[in-house]
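Every read-out reported here was derived from the displayed coordinates using simple, explicitly stated rules and does not represent laboratory data. All values derive from a computational prediction rather than experimental measurement. Positions of Cβ are generated from backbone atoms using ideal geometry, with glycine treated the same way; all protein chains shown enter the neighbour counts.
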Amino acid sequence: MTLRTIESLGDLAGRRVIVRCDLNVPISDGVVSDDGRIRASLPTLNALLHRGARVVVISHLGRPDGAPDARYSLKPVAQRLSELLGAPVAFAEDTVGAAAAGTVEALEDGRIALLENLRFNAGETSKDETERRTFAERLARFGDAMVSDGFGVVHRKQASVYELAQLLPSAAGSLIATELEVLDRLTETPERPYTVVLGGSKVSDKLGVIAHLLPRVDRLLVGGGMLFTFLKAQGHSVGASLLEEDQLETVRAYLEEARERGVEIVLPTDVAVAESFSADAAHTVLPADDLEGGPAGPAGIGLDIGPETAARFAELVSTSATVFWNGPMGVFEFPAFAAGTRAVAEALSKMPGLAVVGGGDSAAAVRALGYRDDDFGHVSTGGGASLEFLEGKKLPGLEVLGWP
Ligand code: ADP
Ligand code: MG
């Protein structure tokens, strides 16, 4: 591993260091509702502040359209970051304009500022390399060095992730270093049995990981919305549950490959089927091969794995030495359909080996269920990034930092 670390940047006292964080957190009514990603950014920020650097934090939030949009302001994040650091955070009302220039200019040694949402500027995510570079150059004026620590965005070739890291002396922060260490263990040297638990909404999002991990894992447990495409591929009816018809062939091929490789693909044997997609929907637990046999008939929607499956998944997790989990087992946002996700989270939090939770919604789910990040071996801050890493893809935001 040749990832450049902060040490490679030399003495940072009195120098302006731009830190690309991923502070893309959920905000409701102007308040941060899950501060996991802000907390994950603290070690690098504190380390730089203790060295007397002038820290300029940049991040995106949500998907504004390349122009300022008050709904996506990072201001509430500045507030929360300040509380967590126990220090003031100067907030600039723009990203590369006069406000940002003034805020950076006024920054003292060992102090920190946060600039407004990167994506208020079209150059950040532009497909045009020149536009990205021009925006990155405007950002680069604010720093003598750049630390990349937004693991959640390293799979993106975006101005603040890729071009900026080329314009300034750059290195990875400790969050990225930690993420890589753990994810590398999952692909290179996992202790066995190695179990991967996949759920979430779409199979198509996870096909690459399945393809890359099948030769490496011992068991693949399938829950969440994608389980129905698997059940259908086996010839079962799935009512009105989430189904990706166009993935049936691919899924059949995976089932076949798994059989050949001796990988156990574990599908649910029972499912909680609801009469509508809503929090208070009437629901029944049905056998996986008879999902249309309940009161709702073919209109039934599977919203969670059933209790028998949950117990089996928990057992298989408990008896594994390594587990990677991505994707909730059901629509955990509705408490009535959170039991499967809770059962897996509980088993994961108790298992003695390496337990890794990856994925934005999965991390949010375990926190919403009352778990803390340190209940698990590692909670990845990057959904897409951790999946692409596990798919064996090259990530531009890591390559630019010397990885691999
Ligand atoms: P992650 O962000 O962790 O990678 P995904 O984005 O793939 O996870 O999926 C998360 C979403 O999947 C959640 O919002 C959850 O409600 C949804 N989901 C889980 N099970 C089902 C299901 N049976 N039907 C529809 N949606 C589901
Ligand atoms: Mg998601």
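Cut-off is 10 Å between beta-carbons; in what order do Thr130, Thr250, Thr95 appear when sorted fewest neighbours first?
Taking fewest neighbouring Cβ atoms as first place, the list is Thr130, Thr250, Thr95.
Ranking request for peptides 142-148, 42-48, 318-324: highest mean number of other beta-carbon atoms within 10 Å first, then the rest in descending order.
Sorting 142-148, 42-48, 318-324 by mean packing, highest first, produces 142-148, 318-324, 42-48.
Ignoring everything except DSSP H segments at least 4 long, calculate the 222 nm mean residue ellipticity for the chain; use -39,500 (n - 2.57) per segment, divide by total residues, nearest 500.
So the helix-based figure for the chain works out to -10500 deg cm²/dmol.
Give the percent of DSSP beta bridges with both residues in the range 182-330 that are antiparallel, rounded to the nearest 5.
Close to 45 percent.
From a point 7 Å beyond the Cα of Ala13 in the direction of its Cβ, which residues of the range 129-157 have a backbone N at a distance under 20 Å?
144-146
As I understand it, the dipole of the range 210-295 uses +1 on the Cβ of Lys and Arg and -1 on the Cβ of Asp and Glu, about the Cα centre. Which of Tyr254, Ala272, Leu214 lies farthest toward its positive end?
Result: Leu214, furthest along the dipole toward the positive end.
Charges at C-beta only: +1 for Lys and Arg, -1 for Asp and Glu. How large is the resulting dipole of the chain about its Cα centre, in Debye rounded to 20?
Details: 38 positive and 56 negative charges, 203 e Å.
Rounded to the nearest 20 debye, it is 980 debye.
Tell me, Phe230, Phe376, Phe334 in order of fewest to most beta-carbon neighbours within 10 Å?
Phe334, Phe376, Phe230
Which entries of Lys232/Lys394; Lys127/Lys206; Lys127/Lys394; Lys232/Lys393; Lys75/Lys394; Lys202/Lys350 show an alpha-carbon separation above 26 angstrom in the structure shown?
Lys232/Lys394; Lys232/Lys393; Lys75/Lys394; Lys202/Lys350
If you find the alpha carbon centre of the range 103-181 and of the range 221-268, how far apart are they in angstrom?
With the range 103-181 and the range 221-268 each reduced to a Cα centre, they are spaced 40 Å.
Whole percent per 10 Å bin, from 0 to the bin with the longest distance: what is P(r) over all C-alpha pairs of the range 151-231?
The calculated distribution, bin by bin, is 15, 34, 31, 17, 3, 0.
Please list, in chain and number order, the residues 5+ apart from Val266 or on another chain whose amide H is under 5 Å from its amide H, with Hs placed from the backbone.
HN-HN under 5 Å from Val266: Leu220, Leu221, Val222.
Could you pull out every residue, at least 5 positions away or on a different chain, whose amide H is within less than 5 Å of the one on Ser237? Hs are placed 1.01 Å off N in the peptide plane, and Pro or chain starts have none.
Leu291
Of Gly306, Pro193, Leu401, whose Cα points farthest to the positive end of the dipole of the chain (charges on the beta-carbon: +1 Lys, Arg; -1 Asp, Glu; origin at the Cα centre)?
Leu401
Along the charge dipole of the range 1-78, Cβ charges K/R +1 and D/E -1, which of Leu3, Cys21, Leu42 sits furthest on the positive end?
Leu3
Give the Debye-formula value of log10 I(q)/I(0) at each listed q (0.09, 0.12, 0.14, 0.15 Å⁻¹), with one equal scatterer per alpha carbon of the chain, two decimals each.
Each listed q corresponds, in turn, to -0.57, -0.95, -1.17, -1.27.
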